[in-house]
Amino acid sequence: MEKKEYISGEERKKCRRVAEVFSGLDKEKVLVLEIGRFGFLRLLSYQYPYGFDDAISYCNSKELFEDLWYDWLYEHLQKIADANPALLELDYEDMLTELPEEKQKEFEDKRREFAEKAGITL
């Protein structure tokens, strides 16, 4: 039986770059692993002793980038909300719109920076 490749060599390189750019994420919350011919796996929310709550596989670097970007953004929004309890009642989208324009721009600039480092076109 022939082994099928689910990710192209070029997409594998792009996904590696994306994973490297977001390697600073909290490994207890998000972990990205290369899984050979199957692509990449994003593991979410580690709970000892049970393991990760969810796993999502990727063969597309742009999809991986978008999901890791939101993981990064939500991690930072949570830190802001922890310091400002009034924001805790909002969902992440509303929380983002409640931030000063300067902070919103800072996040958008960071997204562009990550995309540039990862070689992703927004």
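Only a single item in (1) at pLDDT below 95; (2) among the acidic types (Asp, Glu); (3) over 27 Å from Arg16 (Cα atoms) is not met by Asp53, and it is number (3).
Can you confirm whether the range 78-88 contains a residue that is of a type in the set (Asp, Glu) and either open to solvent by 60 Å² or more (accessible area, probe 1.4 Å) or more than 30 Å from Glu5 (Cβ to Cβ) (or both)? The answer is yes; a qualifying residue exists.
Considering the range 1-28 alone, what residues qualify as being of a type in the set (A, V, I, L, M) and more than 18 Å from Ser57 (Cβ to Cβ)? Can you show your working first?
Here is the first cut: in the range 1-28, the ones of a type in the set (A, V, I, L, M) are 1, 7, 18-19, 21, 25.
The answer is Met1, Val21.
Any residue at all in the range 50-59 that is under 11 Å from the mean Cα position of the chain (by Cα) and outside any strand (DSSP E or B)? No: the range 50-59 contains no residue that is under 11 Å from the mean Cα position of the chain (by Cα) and outside any strand (DSSP E or B). Looking across the range 1-36, the residues that are surrounded by 11 or more Cβ atoms within 10 Å (Cβ to Cβ), more than 30 Å from Lys79 (Cα to Cα) and out of contact with any strand residue (DSSP E or B) (no Cβ under 6 Å at 6 or more places or on another chain) come down to Glu5, Tyr6, Ile7, Ser8, Glu11, Arg12, Lys13, Gly36.
Checked against (1) of a type in the set (Ser, Thr, Tyr); (2) under 19 Å from the mean Cα position of the chain (by Cα); (3) surrounded by fewer than 11 Cβ atoms within 10 Å (Cβ to Cβ), Tyr92 passes all but a single condition, namely (3). Pairs linking a residue in the range 24-38 that is in contact (Cβ under 8 Å) with a residue 40 or more places away in the chain to a residue that is open to solvent by less than 40 Å² (accessible area, probe 1.4 Å) and of a type in the set (Val, Ile, Thr), with Cβ atoms under 6 Å and 6 or more positions apart or on different chains, do not occur.
Among residues of the range 107-122 being hydrophobic (A, V, I, L, M, F, W, C) and outside any helix (DSSP H, G or I), the one that is surrounded by the most Cβ atoms within 10 Å (Cβ to Cβ) is Ile120.
Within the range 86-115, residues that are over 23 Å from Val18 (Cα atoms) have Cβ atoms under 6 Å from residues that are surrounded by 15 or more Cβ atoms within 10 Å (Cβ to Cβ) and acidic (Asp, Glu) in no pair, counting only partners at least 6 apart in sequence or on another chain.
The values are calculated or read from the model by the stated rules, or taken from the named source; none is laboratory data. This structure is a prediction, so every number in the text was calculated from the model and none was measured. As a convention, Cβ positions derive from the backbone with ideal geometry for all residues, glycine included, and neighbour counts pool all protein chains shown. Remember, those area values only see protein heavy atoms, side chains included, never the ligands or the DNA or RNA. Shrake-Rupley method; radii C 1.70, N 1.55, O 1.52, S 1.80 Å.
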